[in-house]
Structures are given as C-alpha cells and as structure tokens.
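This report concerns only the one structure given below.
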2 protein chains.
Amino acid sequence: MSTIFDVAKLAGVSTATVSRVINSPEMVRTQTREKVTRAMKICNYKYNSLARGFATKQSNTIGLIIPTINNPVFAESTRGVQDYADVRKTQVILGNTYYQYDQEKTLVDTLREKQVDGLIITTTNPRGNILKTLADENYPFVLLYSTIKTGPFWAVGIDNYRGGYKVTDHFISLGHRRIGMVAGNFSISDRSFHRWHGYRQCLLDHGIAYDKNLLIQTDYSLTEGQGSVKTLLSLADPPTAIFCSNDYLALGAMKGARERGLKLPKDLSIAGFDDIEIASYVIPALTTIRQPAYEMGKLGAELLFQRMENPARPIQRMLGTELIVRDSTARVPG
Amino acid sequence: MSTIFDVAKLAGVSTATVSRVINSPEMVRTQTREKVTRAMKICNYKYNSLARGFATKQSNTIGLIIPTINNPVFAESTRGVQDYADVRKTQVILGNTYYQYDQEKTLVDTLREKQVDGLIITTTNPRGNILKTLADENYPFVLLYSTIKTGPFWAVGIDNYRGGYKVTDHFISLGHRRIGMVAGNFSISDRSFHRWHGYRQCLLDHGIAYDKNLLIQTDYSLTEGQGSVKTLLSLADPPTAIFCSNDYLALGAMKGARERGLKLPKDLSIAGFDDIEIASYVIPALTTIRQPAYEMGKLGAELLFQRMENPARPIQRMLGTELIVRDSTARVPG
DNA sequence: TATAGTAATGTAAACGTTTACAGGAGTGCC
DNA sequence: GGCACTCCTGTAAACGTTTACATTACTATA
C-alpha cells in the first residue's frame with residue numbers, strides 16, 4: 001500500500017504538499033496539484049483517514065448508543081443521526097445496550113477508547129455515574145430521548161409526561177374510567193416513568209382514583225404486551241382501556257386481547273406511544289402519540305456537533321408530540 | 001490526557017512494559033504489573049485504541065452496509081453482526097445505501113479509508129464493479145442477503161428462488177390460479193428478482209400461464225404495497241392471491257386491499273417474505289417466508305473474521321427458509 | 001534591476017501505540 | 001564460580017498523516 005511519501009517522491013514534492021492537495025487544494029499551484037494527482041493515480045494511492053485521525057486527534061466518527069436497533073423508533077432515530085453525520089463527513093458506530101446499564105458503561109468506555117469525537121446516548125439512567133463522569137471530564141455528548149428539560153447536559157427529547165397525559169385524557173373523553181397501563185420497567189426507562197406520571201396525574205385531575213393494580217411494568221416487547229394485557233383482563237374489575245407505553249407493547253396487547261375473545265376497539269380500547277410506521281397499518285389502526293424520531297436523531301447529531309465546536313452552556317430541546325387518534329380507541333362499552 | 005509515556009515514567013518502567021501489561025499481562029512480573037496498574041490509576045490513563053490501530057494496521061472495526069436500517073429484517077441482521085463483532089472486541093460502523101448503488105460505492109470507499117478491517121455488504125448489484133474491485137484487491141468482505149451460491153465471493157444468503165416457489169406453490173394448493181406479485185425493483189434487488197423467478201417457475205410447473213400484467217415492481221415500502229395492490233385489483237381479471245416480496249409490502253397491501261372493501265383473507269390472499277416480528281401480530285396474521293435474519297448477520301460476521309484470518313477459497317452459505325402459513329392466505333373464493 | 005510583498009513549497013517534529021531485537025536478572029546445575 | 005537457560009524488561013524504530021515554521025519562488029512596482 002502506498003503512502004503519502006511514495007506519492008511525494010514520485011511527484012517530486014514534499015509530503016506537506018501532497019497533504020495539501022488532499023486537504024486544501026486551493027493553496028497549491030495548479031501545475032503542482034496536477035503532478036501530484038497524477039502520481040496518486042499511478043501508485044494507486046489510498047488515503048488513510050485513520051492515520052489522519054491519529055495525527056489530528058479527530059476521528060470523524062461519533063458513537064450512537066441506543067437500547068436496541070430492533071425497535072423501529074430507535075432505527076428511525078439512527079437514520080436521523082446518520083443522515084446528519086453524513087453531511088459532516090462523519091461515520092457513526094452503533095451500540096445496543098439492550099437496556100442494561102453496565103452495557104451502557106462498557107459501550108461508552110469502548111467508544112471513547114476508539115476516540116470517537118462525541119457520543120449520542122439514549123441512556124438507561126439519566127442520573128447515573130456514566131453521564132456525570134462524562135460531563136465532569138467535559139466530554140462531548142448529547143442525550144437522546146431525554147426526559148431532562150434543564151440541567152448540565154446537552155439533550156433532546158420529548159415531554160413524556162404530556163404524552164401520557166394526552167393519551168389518558170383521550171381515554172377519559174371517551175368515557176373510560178378503568179384505564180390500565182402497560183409500561184416499560186421504570187428502573188430501565190425513565191421515559192416510561194414520565195409517561196406513567198402523566199397518566200396518573202390525568203386520572204387524578206379527573207377525579208379518578210389511581211389504582212396501582214392497573215399498572216404493569218415489563219420489558220418492551222410484543223410478547224410482553226401480549227401477556228400483560230391478559231393479566232390486566234384477569235382482574236376482578238378489568239380495565240376498559242389500556243395505555244401501552246410503546247407501540248410494540250400495544251401491538252402485542254392487541255393480539256393478547258383478541259386471544260381473550262375481545263373485539264377491538266368495541267370491548268377494549270388500546271393506545272400506544274411512538275407512532276412507528278406500521279401503527280397505521282394494523283387493524284384496528286393504532287391510536288398513539290407521535291414522537292418525531294427521525295428529527296430527534298437529526299437534531300441530536302446537530303447539537304452534538306454544535307457542542308463539539310463550541311462547548312458553551314448546555315442546550316436542551318424538547319420536541320413536540322401529537323396524539324394521533326385512529327381506530328383502536330372507542331367509547332367505553334355499554 | 002496522559003499517554004503510555006507518562007505511565008511508564010511514573011511507574012519507572014519502559015513504554016514497552018506498559019504496553020505489555022495492557023495487551024499481554026501474563027508476560028510481565030506481578031510486581032511490575034501492579035506498579036504499572038497503580039501508575040495508570042494515578043495519572044488517569046485512558047487507552048487510545050485509535051493509536052493502536054494506527055500502529056498495528058488493525059482498527060478492530062468493521063463496516064456494515066445495508067439498504068436501510070428501517071426495514072426490521074436488516075435491523076435484525078445488524079444485531080446479529082453486532083453481537084458477533086462484540087465477542088471479537090470489534091465495533092461496527094453502519095451505513096445505509098437506501099438501495100442506491102453510488103451510495104454503496106461511496107460507503108465502501110469511505111469505510112476503507114477509515115481502515116475498517118473488513119466489510120459486510122448487502123449489495124444492490126452483485127455483478128457490479130464495486131465487488132469486483134474489492135475482490136481484485138483482495139480486500140476482505142462478505143456478502144449478506146446474497147443470491148450467490150457459488151463463485152469468487154464470500155457470502156451468506158438464502159435461496160430466494162425456492163422461497164418464491166414455496167409461496168406460489170402454497171397459493172396454488174389453495175386453488176388460486178390468478179396470482180399476482182408485488183416485487184421490489186429488479187434493478188435494485190436481485191433478491192426480489194430471484195423470488196419472482198421462483199414464483200414464475202412454479203406457475204409454469206403447474207400449467208398456469210405467466211401473465212406479466214400481474215407483476216408490479218416497486219420500492220420496498222408500506223405505501224408502495226398499499227398502492228400496488230390497488231393497481232392489481234383494478235385489472236380486468238384481478239388476482240385472487242398476491243405474493244409480496246417482503247413483509248412491509250405485504251402489510252401495505254393488506255391495508256390497500258381493505259380500503260378497496262375486500263375481506264381478508266376471504267376475498268384476497270396475501271403472503272409476504274421475511275417473517276419480521278410483527279408479521280404474526282397483525283390481523284390476519286401474515287403468511288410469509290421466514291428467513292433467519294439474525295443468524296445470517298451473525299454468520300456473516302463469523303465468515304468475515306474467518307476470511308480475515310485465513311483468506312482461503314471463498315465460502316458461500318445458504319441458510320434455510322421456511323414457509324410460515326398463518327391466516328392471510330385462504331382457499332380461493334367461490 | 002532591485003525590492004518588497006505574497007504565494008507556494010519544504011523541513012521536520014509530533015501524534016500514542018506496538019514490537020523486533022537486545023540485554024539483564026534470576027535460577028538450577030555441575 | 002561458571003554456564004546455560006528462561007524469564008522479564010528496555011531500546012528504538014515504525015506506522016501515515018498534519019502542521020508550525022522556515023524557506024524559496026514568483027510578481028509587481030518603482
């Protein structure tokens with residue numbers, strides 16, 4: 001493999017000049033530039049951007065840490081990040097935590113060793129040591145799907161509380177009073193916790209007593225949604241509406257409910273959260289909260305670059321959500 | 001930021017020794033090792049694996065090129081390669097081509113400049129120059145979702161022809177004779193082409209004339225599935241069954257058919273390809289061909305490492321597929 | 001033609017590891 | 001005490017760029 005030296009020799013110039021035709025061609029005479037370009041062709045020169053990274057301490061790589069690429073909502077954000085990184089000529093290394101905090105730690109460490117220029121993190125614990133350490137060391141990172149509206153971290157997210165509130169309010173406006181919730185485990189998902197909070201507050205605001213038996217915390221997955229709904233339906237006084245804290249849970253719940261012989265949405269209303277693409281394709285089409293996943297990823301990447309270039313005081317951005325009413329929610333039976 | 005030099009100085013040893021405690025601690029005396037470890041703690045030493053990559057010409061990074069992370073089937077494969085890469089202490093840089101060949105070219109070039117140790121590629125054109133060049137230069141790469149059973153490339157894939165055949169055969173066994181197909185554009189998806197081929201051959205084998213009007217080539221997306229099915233249903237002699245060349249198209253088709261007032265599967269049978277997770281959660285549950293996406297990714301990564309370590313003659317692996325009959329296919333009406 | 005100014009190019013050190021090779025220290029044996 | 005051996009550690013070059021600074025080559029002006 002030929003290096004800048006070989007090219008320089010062949011073209012009869014110095015390595016500095018070769019480097020210049022690569023990085024700032026405008027500062028080398030046309031004639032020289034052509035000589036160099038020709039030489040590069042001849043010895044089939046291949047640029048080594050890792051060596052560049054080493055020399056400049058800039059890898060042009062960022063790390064993206066998400067719970068799991070399997071959830072379409074994170075896949076969508078990933079695209080947002082990638083697309084923006086692309087315009088900045090930066091590549092992204094992807095890591096899944098599978099909602100495990102120690103995995104998050106490992107990933108952060110590994111990626112930093114790799115000298116990524118910055119990190120975009122969908123954290124499992126916004127109050128943990130990982131972020132604190134990162135911030136203390138003034139390492140550039142931004143939180144994605146953040147629940148934090150203020151404070152020392154750069155972050156972009158949505159108002160999960162409001163989202164939960166909106167869904168619940170929708171249920172109530174349809175006459176429901178027994179409203180269950182299938183939530184992601186609070187211990188691994190702050191988001192889920194905030195959504196629950198909104199749900200709970202909305203109940204109280206409408207004079208509906210909060211019943212803790214109507215809450216199930218579980219893993220984010222189709223099968224868990226399917227199972228959880230059955231548990232709720234087995235209650236002595238089962239819910240007539242169920243708020244699932246993501247669309248996958250909701251889709252699972254729909255299946256579970258049907259397996260119990262219920263007609264949807266006549267016998268049971270179900271709503272989700274995320275508005276993943278298929279949400280509008282299932283039957284009945286899923287009522288859900290739309291969160292702008294792609295935009296969030298894109299904005300997260302933008303903020304990260306901003307942070308890397310100018311580590312001013314932290315910016316937090318909260319993106320809007322929208323209640324999308326479709327066919328999976330209906331008036332309370334009877 | 002402290003380097004190996006600082007640590008060495010502090011511990012009163014040479015950099016070589018420090019390097020050794022990092023990479024092969026067993027070859028340094030316990031006492032020395034502890035001295036060094038202590039020094040590392042004290043000066044808060046952070047390993048720089050980019051520098052290592054530079055020195056060893058091994059980045060411990062591989063590139064993964066897929067059409068789009070939005071398709072759950074690719075997301076699943078991505079997990080497979082990540083999980084295996086992980087056991088090899090390797091990170092993966094992800095790139096989407098969005099089914100564009102020039103994007104594929106750009107990605108390959110960029111990733112090679114980045115000195116990734118190898119590439120896993122879901123190509124848009126297995127006969128194009130990109131792969132040929134790569135192979136000529138003896139660059140380690142393996143094809144994912146490959147349609148190639150033999151030849152000079154390392155590859156893992158499935159038998160798309162057989163998949164297409166199986167689905168069609170299933171339709172025919174249910175009495176269907178007018179069987180349409182909504183396929184990904186042949187120009188960007190060899191896989192789709194092979195599936196069509198199987199479909200076509202199966203028709204012929206059963207004495208059913210091939211009708212080119214029953215084929216639609218389009219982009220892989222929910223909306224395209226939705227639109228395409230309507231086109232097919234508008235035919236003078238519309239199909240009673242439709243084979244969609246992936247599940248997203250099929251899910252879209254289900255919606256489109258319903259918008260036309262059809263009852264599924266009574267009025268129209270629909271089958272997909274991939275068996276993505278939600279396929280069994282929609283109503284009616286989707287009949288489809290299961291392809292082992294996760295395993296494919298994992299195996300692809302395994303093969304890549306094998307190829308990197310021992311560039312022997314190419315290996316091609318074809319994974320099994322399975323027809324999963326669910327509720328979206330039924331006997332022909334009447 | 002000399003000169004000042006600018007534009008283009010060259011020199012060489014730096015980036016943080018690894019590793020081939022050399023050298024030294026310890027051990028067991030005669 | 002000398003020797004051979006093993007085990008541990010050190011020396012220094014190498015990896016392929018970038019870049020501050022120095023130098024040289026042009027150009028315009030008088």
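Counting neighbouring Cβ atoms within 10 Å and putting the fewest first, the residues B:C43, A:C202 line up as B:C43, A:C202. In the frame of its principal axes, segment A:1-135 has Cα extents of 57, 29, 26 Å, reported largest first. Rg and Dmax of segment A:160-291, based on Cα coordinates, read 12.9, 35 Å.
Quote to one decimal, in nm, the extra length available between A:Q201 and A:R29 on full extension: 0.36 nm per residue of separation minus the C-alpha distance between them. Please list the in-between numbers first.
Working: separation 172, 0.36 × 172 = 61.92 nm, distance 6.94 nm.
55.0 nm is the gain from fully extending A:Q201 to A:R29.
For a Förster distance of 22 Å, can you work out the FRET efficiency between the beta-carbons of A:E309 and A:D109, rounded to the nearest 0.05? About 0.35, to the nearest 0.05.
Shown for A:G320: label points 7 Å from Cα along the beta-carbon vector, and their distances to the equivalent points in the other copies, 5.3 nm in ascending order. Relative protection proxy for A:189-195, B:137-143, from highest mean packing down: A:189-195, B:137-143 (other beta-carbon atoms within 10 angstrom).
With R₀ set to 56 Å, the beta-carbon distance separating B:N185 from B:A16 gives a calculated FRET efficiency near 0.50.
Computed over segment A:115-208, the Cα gyration tensor eigenvalues convert (square root of 5λ each) into semi-axes of 33, 11, 10 Å, ordered from largest to smallest. Among the residues of A:218-227, the average count of other protein chain beta-carbon atoms within 10 Å of the residue beta-carbon is 1. Between identical copies, the spacing of B:K263 label points, each set 7 Å from Cα toward the C-beta atom, reads 1.4 nm from nearest to farthest. Here segment B:33-105 is treated as a Stokes sphere of Kirkwood radius computed over C-alpha pairs; at 25 °C and 0.890 mPa s its diffusion coefficient rounds to 164 µm²/s. Computed on segment B:4-47, the Cα convex hull volume stands at 54 Å³ per residue. Distance between the C-alpha centres of segment B:113-178 and segment A:179-235: 44 Å, rounded to the whole angstrom. The ranking of B:K212, A:K298 from fewest to most other beta carbons within 10 Å of each one's beta carbon is B:K212, A:K298.
The angle separating the long axis of helix B:293-309 from the principal Cα axis of greatest extent in chain B is about 40 degrees. In a solvent-free Debye calculation with one equal scatterer on each Cα, what is log10 I(q)/I(0) for chain A at q = 0.07, 0.14, 0.15 Å⁻¹, listed in the order of the q values? Ignoring solvent entirely, the Cα scatterers give -0.39, -1.02, -1.12. Where both partners of a DSSP beta bridge lie in chain A, what percent of those bridges are antiparallel, to the nearest 5? Percent antiparallel among DSSP bridges in chain A is about 10. Sorted largest first, the spans of the alpha carbon positions of segment B:43-202 along the three principal axes are 76, 33, 25 Å.
So, with +1 on the Cβ of K and R and -1 on the Cβ of D and E, and no other charges, what is the size of the charge dipole of the protein assembly as shown about its Cα centre, to the nearest 20 debye?
Values: 80 positive and 64 negative charges, 214 e Å.
Here the size comes out at about 1020 debye.
Could you give the angle, 0 to 90 degrees to the nearest 10, between helix A:247-259's Cα long axis and the longest principal axis of the Cα atoms of chain A? Around 40 degrees separate the two axes. Spin-label model, A:S234/B:I324: points 7 Å from Cα along the beta carbon direction are separated by 2.5 nm.
Can you tell me the orientation of helix B:72-87 relative to chain B, as the angle in degrees between its alpha-carbon axis and the longest Cα principal axis, to the nearest 10? Once rounded, the angle reads 20 degrees. Scanning residues 5 or more positions from A:G118 or on other chains, those with amide H under 5 Å from its amide H are A:G63, with H placed 1.01 Å from N in the peptide plane.
Dividing the Cα radius of gyration of the protein assembly as shown by its Kirkwood radius returns 1.01 for Rg/Rh. Compared with the direct C-alpha span, the chain from B:D219 to B:K149 gains 22.7 nm at full extension, assuming 0.36 nm per residue.
Gyration tensor analysis over the Cα atoms of segment B:227-313 returns equivalent ellipsoid semi-axes of 37, 14, 9 Å (largest first, whole Å).
To the nearest 0.05, what FRET efficiency results for A:V87 and B:Y101 with a Förster distance of 22 Å applied to their C-beta separation?
Details: r = 21 Å, r/R0 = 0.93.
About 0.60, to the nearest 0.05.
In this assembly of identical copies, the label point of A:R29 (Cα plus 7 Å along Cα-to-Cβ) is separated from its counterparts by 6.1 nm, sorted shortest first.
Here the ratio of the Cα radius of gyration of segment B:75-164 to 2.2 N^0.38 Å is 1.09.
For A:Y145, A:Y99, what ranking results if the residue with the fewest other Cβ atoms within 10 Å of its Cβ goes first?
Going from least to most buried by this count: A:Y99, A:Y145.
Read-outs: derived from the displayed coordinates by stated rules, not from any lab. Small disclaimer: the values here were computed from a predicted structure and weren't measured. Glycine gets a Cβ as well: all are built from the backbone with ideal geometry, and neighbour counts include every protein chain shown.
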